[in-house]
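The structure appears below as structure tokens.
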Amino acid sequence: MILTRENLINLILAVALLAIPLIANAAGQPFYITLATRVAILALAATGLNLALGVGGLVSFGHAAFFGIGGYVAGILASHSFSGEPVLFGLSGTNQMWIIWLVAMALAGFVGLAIGAISLRTSGVYFIMITLAFAQMVYYFAVSWPAYGGEDGLSILVRNQFPGVMTMVPMNFFLICYVILLVGIALFAVIRASRFGAALQAARQNEVRVATVGIQPYRIRLTGFVLSAMITGLAGALFADLNRFVSPSMLSWHMSGELIVLIILGGTGRLFGPLAGAALYVAFEYALGGITERWQFFLGLILLLVVLFARGGLVGLLAGKAKHG
Amino acid sequence: MTIALALEQLLNGIQLGVMLFLMAAGLTLIFGVMGLINLAHGSLYMVGAFACAAVAAWTGSFWIGLVASLVAAAAAGAIVELAVIRRLYDRDHLDQVLATFALILMFSEGTRWLFGSFPLYLDIPPLLQGAVALPGGTEYPVYRLAIIAAGALVAFGLYMLISRTRLGMRIRAGESDREMIGALGVDIRTLYTVVFALGAALAGFAGAMVGAIQSVQVGMGEPVLILAFVVIVIGGIGSIKGALLGALLVGVTDTMGRFLLPKLMVLFVPPAQAGAIGGAVASMLIYIVMAIILAVKPRGLFPPAHA
């Protein structure tokens, strides 16, 4: 890998995210470990969205649906494991994280396939509104379905298990999330550099040319959308385990908006943009929240200024323009 | 279940549809003329409701409050257009979504700052209190009928404005070719501000009318905004006619679905679960309808010819 300025910044970001909780752990400040875990999970969710939004140019305003589905998979499987009742067709629940992750990815991917298959028939502003509407559909379903807490949400009494790791120790759970984030980012890089990734980017840049060389943009986009949904779903499962709680708010359209905000704050289509954005977002939330309870107002103001005047996001600001848009 | 009850629900559905139309008309007009997707439209709805509730509480008159809601929402719309929105016309939809999402955060938190977290209440004016008898024996509130009438009147007024006045002619011209009407000497920047303020006033009016039957609180505009999106996606973005039919379709489908589906489910599943399943399906019904319509017509029922 060539040591460009962007790669250097990426390296610093990755090391800093690991260093902060290590220092916090040594200093006996577990709160900062939780913050760093939150950054890692949100960054993973946004990395998933970045595949659709940054690489494929698909402005999905409904990724909270996949995030929340991942969360509910963790919550529902854990609650069945606790109560001993089968989930469906005699299949029992589980408190094993890796099974939960696979189920979360599979279910998010399946729902992503259904939503994508309909939404991708449209484009532009229709696509934005339709993905938003489908996410609202999942949201209202979760609110009105009483079996798993409805509006009140569902608690996970004990954090789910991972073989050989005490997951209730904050540092251990952070490391799990950190490793998954790095794997997710690596996967993103591999996908983007592959033939498929090239086709996905080409479909964003010039749909007609892609179709002319014999590639169907629809299939490429649908595949990208499903992969994107799966990564975000995995992040949702981790998020539920972090909070040991899942509620419809994970599915709300504010969550979808936040995920887009993370990408824009960091820099659209950049490998480490989501991580930079998530770190910046959580830092804002924490710093502004300490100064004023009206922090959302100032967050809105900052976001507005970034959109109007600093379009490359944080990575763009530090590393200069992307070589190709 | 009686016919009278069904009629009452049908009227509720039409009332919801009419309010949705006021929201959707502004959204679709702004998109049709300026090509802008405005998430903050729900905030203007909220501004209208808060202005009406605050002024009505201060003066004791709902009617002055209603006028205040129009003025406040139109003024808020004009200010936002001048300060922020006009920088976004040339940007892609992603930037528009983000900037207007940021505006929602600012409007919601700003309103909470001014009015506190507790909901305000708005009384129905004495003139419109009471109920009328429906055929079949039940009673229906006069105020809800008044909402339907007011909405129909505004829809008609909007139609006349767009098809019969000079301003409407310029709006239609702006939809079909914005460079050309600029070249013909129409001040397009002012026209955009006027259209945005008009859409905002419609949203503020809807907020004030609905404020009297619901509580006036921060975030009240967001569910309505998303329903209005469903409406304009179904109707075809940019089409006022599509917005009207889409709004009535969504309003009636949503209300009747919530009313009928739990009763229908009793035929298939045990009554204990019928309510829950019926309710859950009913809450998703309009999105299912939207998906079916889009599967058949991806650009909505009345796609604008030039887009």
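The values are calculated or read from the model by the stated rules, or taken from the named source; none is laboratory data. None of the values given here were measured: they were computed from a predicted structure. All Cβ positions, even for glycine, are placed from backbone atoms using ideal geometry, and neighbour counts span all protein chains on display. What goes into the accessible areas is simple: the full protein's heavy atoms, side chains included, and nothing from ligands, DNA or RNA. Shrake-Rupley method; radii C 1.70, N 1.55, O 1.52, S 1.80 Å.
Some values worked out for this structure:
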| item | result |
| --- | --- |
| Qualifying residue in region A:179-200 (condition: in contact with a Gly (Cβ under 7 Å, 6 or more places away or on another chain), in contact (Cβ under 8 Å) with a residue 40 or more places away in the chain and either closer than 19 Å to A:Phe162 by Cα or β-branched (Val, Ile, Thr) (or both)) | yes |
| Scope region A:272-316; condition touching a residue at least 40 places away in the same chain (Cβ under 8 Å) and open to solvent by 30 Å² or more (accessible area, probe 1.4 Å); matching residues | A:Ala279, A:Tyr286, A:Gly312, A:Leu314 |
| Residue, nearest to A:Gln296 (Cα to Cα), within region B:61-106, restricted to residues that are open to solvent by 10 Å² or more (accessible area, probe 1.4 Å) and acidic (Asp, Glu) | B:Asp95 |
| Cβ-Cβ under 8 Å pairs, at least 6 apart or on other chains, region B:150-164 side touching a residue at least 24 places away in the same chain (Cβ under 8 Å), far side basic (Lys, Arg) | B:Ile162/B:Arg172 |
| Lone qualifier among A:Phe162, A:Phe127 - being within 22 Å of A:Ala45 (Cβ to Cβ) and either open to solvent by less than 10 Å² (accessible area, probe 1.4 Å) or modelled with pLDDT of 85 or more (or both) | A:Phe127 |
| Candidate set from region A:101-141 (those that are of a type in the set (Val, Ile, Thr), at the interface with chain B (Cβ under 7 Å from one of its Cβ atoms) and in contact with a Ser or Thr (Cβ under 9 Å, 6 or more places away or on another chain)); member that is farthest from B:Tyr89 (Cα to Cα) | A:Ile130 |
| Top-ranked residue of region A:135-152 - restricted to ones that are in contact with a Leu (Cβ under 6 Å, 6 or more places away or on another chain) and within 20 Å of B:Ile286 (Cβ to Cβ), ranked as most open to solvent (accessible area, probe 1.4 Å) | A:Tyr139 |
| Criterion (on the phi > 0 side of the Ramachandran plot and either in contact with a His (Cβ under 7 Å, 6 or more places away or on another chain) or open to solvent by 30 Å² or more (accessible area, probe 1.4 Å) (or both)) met by exactly one of B:Gly236, B:Gly185, B:Gly219, B:Gly157 | B:Gly185 |
| In region B:275-296, the residues that are under 21 Å from B:Ala243 (Cβ atoms) and more than 7 Å from chain A (Cβ to nearest Cβ) | B:Leu285, B:Ile286, B:Ile288, B:Val289, B:Ile292, B:Ile293, B:Val296 |
| Candidates B:Ala73, B:Ala54, B:Ala68, B:Ala78, filtered to the one that is assigned to a helix (DSSP H, G or I), closer than 27 Å to B:Ser163 by Cβ, more than 11 Å from chain A (Cβ to nearest Cβ) and out of contact with any Ser or Thr (no Cβ under 7 Å at 6 or more places or on another chain) | B:Ala73 |
